[in-house]
Amino acid sequence: MAEGEELRPDLLKNTPSNIARLEDVIEHSKARHKYLAQTCSPSDGGDVRWYFCKIPLAPNELAASVPRTEMVGKSDYFRFGMRDSLAIEASFLQREEELLSSWWR
């Protein structure tokens, strides 16, 4: 979502126009262009999907820490819907430097 843009309930719906708007935000993100300039991946990032894990973190465990086990079952993760996944990606790209610097502290 663009800075200063009001969050309206209709923007949370999984509609083609909302998906297209989020794809546009991602496409014009400086962080996305930085990623594309540095990667050799066959993926252009257009197929990004976010997942969440249903296994709760242990007390004081960081979300980005190494998993407790080598294998994590597929049933432990759920995929966000397309609109939600794009919204998370857009938000991450807009705040990437802040999030990464906080993580490295």
Going through segment 20-42 in order, the residues found to be modelled with pLDDT of 85 or more and among the hydrophobic types (A, V, I, L, M, F, W, C) are ALA20, LEU22, VAL25, ILE26
Quick one: in segment 53-69, of everything that is within 24 Å of LEU86 (Cα to Cα) and of a type outside the set (A, V, I, L, M, F, W, C), which residue is modelled with the lowest pLDDT?
SER65
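Yes or no: segment 43-52 includes at least one residue that is modelled with pLDDT under 75, farther than 16 Å from GLY81 by Cβ and more than 15 Å from the chain's Cα centre (by Cα).
The answer is yes; a qualifying residue exists.
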Is there a residue in segment 6-19 that is under 15 Å from SER91 (Cα atoms), among the basic types (Lys, Arg) and modelled with pLDDT of 75 or more?
no
Residue in segment 93-102 that is nearest to ARG49 (Cα to Cα), counting only those that are surrounded by fewer than 17 Cβ atoms within 10 Å (Cβ to Cβ) and either in contact (Cβ under 8 Å) with a residue 40 or more places away in the chain or touching a Lys or Arg at 6+ places or on another chain (Cβ under 7 Å) (or both)
GLU96
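The values are calculated or read from the model by the stated rules, or taken from the named source; none is laboratory data. Since we're looking at a predicted model, the values are computed, not measured. So basically every Cβ, Gly included, is an ideal-geometry build from the backbone, and we count neighbours across all protein chains shown.
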